Amino acid sequence: MNAETPHGGRAVVIGGGIAGLAAAHRLVTAGWRVTVLEATDRLGGKLRAGEIAGVRVDLGAESMLARRPEAVDLARAVGLGDLLQPPATTTAAIWTRDALRPMPQGHVMGVPGSPDAVAGLLSAEGLARVARETDLPPDAVADDDVAVGAYVAGRFGREVVDRLVEPLLGGVYAGDAYRISMRAAVPRLFDAVRAHGTLTEAVRAVQRAQRNGQPQTGPAFMGIEGGVGRLPLAVADAITAHGGRIRTRTPVGGLVRRPDGWQVRTEDETLHADAVVVATPAGPAAALLAAESPAAAAGLAGVEYASMALVTLAFRRADARALPAGSGFLVPPVDGRTIKASTFSSQKWQWVADGSPDLVVLRTSVGRYGDEEYLGREDADLVAVSLADLAAATGLSARPVATEVTRWTGGLPQYPVGHLARVRRIQDAVAGLPGLRVCGAVYEGVGIPACVASGRRAADEILATPTLARGTRTEGRE
């Protein structure tokens, strides 16, 4: 199907991140005439390919959960299948108590099923507290929700949360484990703790279900040669190849429902559409929906975001011999360090190493929810604190040959207790607007597969509404 033989309706997708592009791709390949409007000068949202010292790197998200298929399937659909590449190593560490310690095994997002799972990471007192958990009275979570950190600390003690749960969850959400919703962030554990009397047994039940379920034959994570930042660009190319239109530097100033569809107003034109997908972060989405759905707008306006920065560093390989093996390390905030994690990109991704055999590329992350003081400083300051922490953690004391600081202001939506209930209210309110759907990291998860799934769901719901697929008009602007 191409632009000359449309059989669907006309859709406008507001937002050119991976969720919006996934929605647009779904619609345009179903025969709809699609226009994507992106306010900034680039597509991809938090997926961004770049380079440092001539080496291609990701300056945003760098890997996709492969055991959830949506992102990998989309990559294959837009011609990137041959470039999919698993990490060369998944061995990671925790930098805590002034030492790099191996990442424990046998846990569910940092919550152990036995003291042995966290031996070497916790103190003797912390291990004893984990061992005593089965002696505590049963304490199932409430039906609605509970914070991961608060619940785990109440059963296992704060040390488990501070040394392992916090850095793992922080690596996903840049958030605070004591606020993050268990129901949203670790749903399998949430269901298990409701069914079992102790947290220990709940973790073991999750692990048993994983072992007894369908065997996992492939890698858990996947990257793309040249960076996952290539994915949105390839999706955009596929959209335009099917006749879709993509406009960057085009913020939307108004969204109005009409008897025969929607009007989408930009600075240059007003587009008429049978359907609209709002794929922006929560704040802009709230502004767009304020007039047509005050309830949805109010829910979106309450979503909080965390900001962070990525500091990418390139060293001469001869100067980086001190770098330990593995893919990198996480840093518990309780240790008082500035960086929250470091990825050894040249060791984690073979394509980075192949891009320049004489260099070693790594990156650090700075900032999370409630800890963003450093983000207001100059790039040189972020590089300096990153180098200081790297030297303390690994012994790497060389000066980099190149640096790149990428700031993600308001980069990650937070999933506090009650987040899923908020999302249900937003989606229920939006469901009352014919031909309009929302998608993105706010709703169904912050990972790339979850965002792709969110976009595809929004498109599928539009495609499932036959009255929208008129396909009778020939002009979409006035």
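The values are calculated or read from the model by the stated rules, or taken from the named source; none is laboratory data. Because the structure is a prediction, the values reported are computed rather than measured. Counting neighbours? That spans all protein chains shown, and the Cβs are built from the backbone with ideal geometry, glycine included. Heads up: the accessible areas ignore ligands, DNA and RNA and are worked out on the full protein's heavy atoms, side chains in. Shrake-Rupley method; radii C 1.70, N 1.55, O 1.52, S 1.80 Å.
Annotations
- Part-to-part distance (alpha-carbon centres) for segment 225-262 and segment 283-311, which is given in Å: 20
- A P(r) calculated from all alpha carbon pairs of segment 110-174, with 5 Å bins opening at zero, reads 3, 18, 28, 24, 17, 8, 2 percent.
- Only Lys, Arg (+1) and Asp, Glu (-1) charged, at Cβ; segment 93-174 dipole about Cα centre in debye: 360
- Using C-alpha pairs under 8 Å with a sequence gap of at least 6, the mean separation divided by the residue count of segment 205-364 gives a relative contact order of 14 percent.
- Applying 1/(1 + (r/R0)^6) with R0 = 22 Å to the Cβ-Cβ distance of Arg407 and Glu304 gives a FRET efficiency near 0.80.
- Of all DSSP bridge pairs formed entirely within the chain, close to 75 percent run antiparallel.
- About the centre of its Cα atoms, the chain shows a dipole size close to 600 debye [charges on the beta carbon of Lys, Arg (+1) and Asp, Glu (-1) only; nearest 20 debye].
- The charge dipole of segment 304-457, taken about its Cα centre with unit charges on the Cβ of Lys, Arg, Asp and Glu (plus for the first two, minus for the last two), comes to roughly 520 debye.
- Arg208-Ala124 FRET efficiency (beta carbon distance; Förster radius 30 Å; 0.05 resolution): 0.60
- Rounded D (µm²/s) - segment 1-114, Kirkwood Rh over Cα pairs, Stokes-Einstein at 20 °C, 1.002 mPa s: 120
- Rounded percent of accessible protein surface that carbon and sulfur make up, the chain, 1.4 Å probe: 49
- With only Cα atoms counted, segment 54-125 has Rg and Dmax values of 17.4, 53 Å.
- Taking a span of 15 Å or more along the helix axis (Cα atoms) and a mean Kyte-Doolittle hydropathy of at least -0.5 as the rule, the DSSP H helices of the chain that qualify are 18-29, 230-241, 379-394, 419-431, 448-463.
- Every pair of different Cα atoms in the chain enters the Kirkwood calculation, which places the hydrodynamic radius at 23.6 Å.
- Helix-only mean residue ellipticity at 222 nm for the chain, each DSSP H run of n ≥ 4 adding -39500 (n - 2.57), per residue, nearest 500: -9500 deg cm²/dmol
- Ordering of 454-462, 204-212 by packing [mean C-beta count within 10 Å, highest first]: 454-462, 204-212
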